[in-house]
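**Q** Let me begin by handing over the structure; questions about it come next.
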């Protein structure tokens, strides 16, 4: 891949908003990458960043085992922006004083700008921001000036203009900070002086050349799921490998109603891909019998996927590569930032892979977010039927059934999913929201159906809005849509007598229930 001239490095201290910072930067046509706080100074310097952003995180600088960078990192001659915990680390290492706050701030606050500065150019003196901190900086380091405050925080931002070091106690990357985009843009273009040279068209051509050079006439197989990620990865790989690429679509028994049939029909009729269907529902359901832990489900499913691909590769004689549609959020969410507290979940195509794969991985989309993949797919000519398809998890319905997986539960969930999808499409909302789906919760609740008492399971409905899946808000669905979905699910599906609606956002929840 052709690396752009301008590059921003984000050092991640474990914040759930770190990926959002990266997305905001990419949206401005500037390339950036996220490195864990454990990255060596050698690796950081090798990246040759034009600026470095220190992310937020859940720790206090005084916690045992709190994540830190070395002061040597701060001596790299580039502009720095510390956000929340990243600002506190900067203050602590530069000789300032950080203490627990008397009044912690979590949520909305109001920023009062005290000094004229490049970072706040174009921002009103008073504006809403989003705070999330328990510690505060009570003394800025020498030669740093305080540039803003809030009601409960006297040092909401500071800077050392000579060293080009800036700190924000609040989160500019979230939508609740009204001038957040303006502040990030000011840092990127007025302070760091970077260029807008991150172009997705260059990414496509660069990836095709990279993969062609890597494979050099050798064979590869591609894991297809029917979704936008794996489809775009397959089309890019197909341009590079051509006849040497064979795509595998696995019917693992965890798909939605008639999905295997419709996906295969679509691929064969609309895309120039060599696709084979592998029917393996019995294998997956047997391996998942009695398993209730969601992480174990993901690991088992990932292991079986790889096992199938290895077996198919042997049939092709001389396959060396496996192509996957892994995205940047998949990689980030599956990696331990520090200790063991920052792992959100294992992704079946990341955390489920054994150490000895037997095939070399090709992941064309590994550096990209979902919205970037959709843009690339459109540029490649992939129709909206695939591009605008709502995300569907790799482990399928296995993580939308709480607890053990069995054929009865899968049958119930498939029917509920078909109803929800149909009603969301009827309302004209399918392309406007990120995801909408039911979850089967196998606990019994009392109900009255007809003249008799019932004791059946319940379905939870989930609909969220998002741009990349890293953060999400629940959708305020019209009550008529919810009422119709609930009425149809209860009347058309035996075994369900109650429907509830999930109104939590991400964070604190994840989008999927498991």
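**Q** Step by step: first the residues of the stretch 30-56, then only those that are farther than 23 Å from residue 186 by Cα and touching a residue at least 40 places away in the same chain (Cβ under 8 Å), then the one that is nearest to the chain's Cα centre (by Cα). Which residue is that?
**A** Applying the filter and picking the extreme gives 36.
**Q** While we're here: Tell me which residues, restricted to the stretch 181-206, are buried (at least 23 other Cβ atoms within 10 Å of the Cβ) and either without any contact (Cβ under 8 Å) to a residue 24 or more places away in the chain or assigned to a helix (DSSP H, G or I) (or both).
**A** The answer is 183, 184, 187, 188, 203.
**Q** A follow-up question, please. On the basis of being surrounded by fewer than 17 Cβ atoms within 10 Å (Cβ to Cβ), within 15 Å of residue 140 (Cβ to Cβ), modelled with pLDDT of 90 or more and in contact with a strand residue (DSSP E or B) (Cβ under 6 Å, 6 or more places away or on another chain), does residue 115 make the cut?
**A** On the way: surrounded by fewer than 17 Cβ atoms within 10 Å (Cβ to Cβ): yes; within 15 Å of residue 140 (Cβ to Cβ): yes; modelled with pLDDT of 90 or more: yes; in contact with a strand residue (DSSP E or B) (Cβ under 6 Å, 6 or more places away or on another chain): yes.
It is true that residue 115 is surrounded by fewer than 17 Cβ atoms within 10 Å (Cβ to Cβ), within 15 Å of residue 140 (Cβ to Cβ), modelled with pLDDT of 90 or more and in contact with a strand residue (DSSP E or B) (Cβ under 6 Å, 6 or more places away or on another chain).
**Q** Within the stretch 97-113, is there a residue that is in the same structural domain as residue 186 (by TED's automatic domain parsing), under 20 Å from residue 180 (Cα atoms) and in a helix (DSSP H, G or I)? Walk me through it before giving the result.
**A** Quick first cut of the stretch 97-113, residues in the same structural domain as residue 186 (by TED's automatic domain parsing) only: 97-113.
Next cut, under 20 Å from residue 180 (Cα atoms) only: 105-113.
With in a helix (DSSP H, G or I) added as a condition, the list becomes none.
No, because not a single residue in the stretch 97-113 is in the same structural domain as residue 186 (by TED's automatic domain parsing), under 20 Å from residue 180 (Cα atoms) and in a helix (DSSP H, G or I).
**Q** Of these, 377, 394, which one is in a helix (DSSP H, G or I), surrounded by 20 or more Cβ atoms within 10 Å (Cβ to Cβ) and within 25 Å of the chain's Cα centre (by Cα)?
**A** Details: 394 fails: in a helix (DSSP H, G or I).
Testing whether each residue is in a helix (DSSP H, G or I), surrounded by 20 or more Cβ atoms within 10 Å (Cβ to Cβ) and within 25 Å of the chain's Cα centre (by Cα) leaves just 377.
**Q** Right, something else. Kindly provide the set of residues from the stretch 12-33 that are assigned to a strand (DSSP E or B) and closer than 21 Å to residue 182 by Cα, ordered by number. Before you say what the answer is, go through the steps one by one.
**A** Of all residues in the stretch 12-33, those assigned to a strand (DSSP E or B) come to 12, 31-33.
Hits for the stretch 12-33 are 31, 32, 33.
**Q** Now a separate question. Within the stretch 162-169, is even one residue touching a helix residue (DSSP H, G or I) at 6+ places or on another chain (Cβ under 8 Å), assigned to a loop (DSSP other than H, G, I, E, B) and either farther than 19 Å from residue 60 by Cα or not assigned by TED's automatic domain parsing to the domain that holds residue 22 (or both)?
**A** Quick first cut of the stretch 162-169, residues touching a helix residue (DSSP H, G or I) at 6+ places or on another chain (Cβ under 8 Å) only: 164-169.
If we keep only those that are assigned to a loop (DSSP other than H, G, I, E, B) too, we end up with 164, 169.
Pick out the ones that are also either farther than 19 Å from residue 60 by Cα or not assigned by TED's automatic domain parsing to the domain that holds residue 22 (or both) and you get 164.
Within the stretch 162-169, one or more residues are touching a helix residue (DSSP H, G or I) at 6+ places or on another chain (Cβ under 8 Å), assigned to a loop (DSSP other than H, G, I, E, B) and either farther than 19 Å from residue 60 by Cα or not assigned by TED's automatic domain parsing to the domain that holds residue 22 (or both).
**Q** Go through the stretch 472-511 and report how many residues are out of contact with any strand residue (DSSP E or B) (no Cβ under 6 Å at 6 or more places or on another chain) and under 23 Å from residue 57 (Cα atoms).
**A** Summing the residues that are out of contact with any strand residue (DSSP E or B) (no Cβ under 6 Å at 6 or more places or on another chain) and under 23 Å from residue 57 (Cα atoms) in the stretch 472-511 gives 5.
**Q** Can you confirm whether residue 27 is farther than 24 Å from residue 207 by Cβ and without any contact (Cβ under 8 Å) to a residue 60 or more places away in the chain? Break it down stepwise before answering.
**A** Working: farther than 24 Å from residue 207 by Cβ: no; without any contact (Cβ under 8 Å) to a residue 60 or more places away in the chain: yes.
Judged against the criteria, residue 27 is not a match.
**Q** Can you name every residue in the stretch 46-74 that is over 29 Å from residue 134 (Cα atoms) and exposed (fewer than 14 other Cβ atoms within 10 Å of the Cβ)?
**A** At the first step, the residues of the stretch 46-74 found to be over 29 Å from residue 134 (Cα atoms) are 46-50.
Once the filter is applied, which keeps residues that are over 29 Å from residue 134 (Cα atoms) and exposed (fewer than 14 other Cβ atoms within 10 Å of the Cβ), the stretch 46-74 yields 46, 48.
**Q** Failed condition for residue 77, given (1) surrounded by fewer than 20 Cβ atoms within 10 Å (Cβ to Cβ); (2) modelled with pLDDT of 95 or more; (3) in contact with a helix residue (DSSP H, G or I) (Cβ under 8 Å, 6 or more places away or on another chain), with all others met?
**A** (3)
**Q** Residues of the stretch 39-66 being in a loop (DSSP other than H, G, I, E, B) and under 22 Å from residue 98 (Cα atoms), which ones?
**A** The first filter runs over the stretch 39-66 and keeps only residues in a loop (DSSP other than H, G, I, E, B), leaving 39-40, 48-50, 55-66.
Correct list: 55, 56, 57, 58, 59, 60, 61, 62, 63, 64, 65, 66.
**Q** Checking residue 351 against (1) in the same structural domain as residue 208 (by TED's automatic domain parsing); (2) at pLDDT 75 or above; (3) within 30 Å of residue 408 (Cβ to Cβ), only one condition comes out false. Which one?
**A** (2)
**Q** Pick from 250, 263, 278: which is without any contact (Cβ under 8 Å) to a residue 40 or more places away in the chain and under 25 Å from the mean Cα position of the chain (by Cα)?
**A** Numbers: 250 fails: without any contact (Cβ under 8 Å) to a residue 40 or more places away in the chain; 278 fails: under 25 Å from the mean Cα position of the chain (by Cα).
None of the other options fit; the residue is 263.
The values are calculated or read from the model by the stated rules, or taken from the named source; none is laboratory data. For clarity, every value in this text was computed on a predicted model and none was experimentally measured. For neighbour counting, all protein chains shown are included, and Cβ atoms are generated from backbone atoms with ideal geometry for every residue, glycine included.
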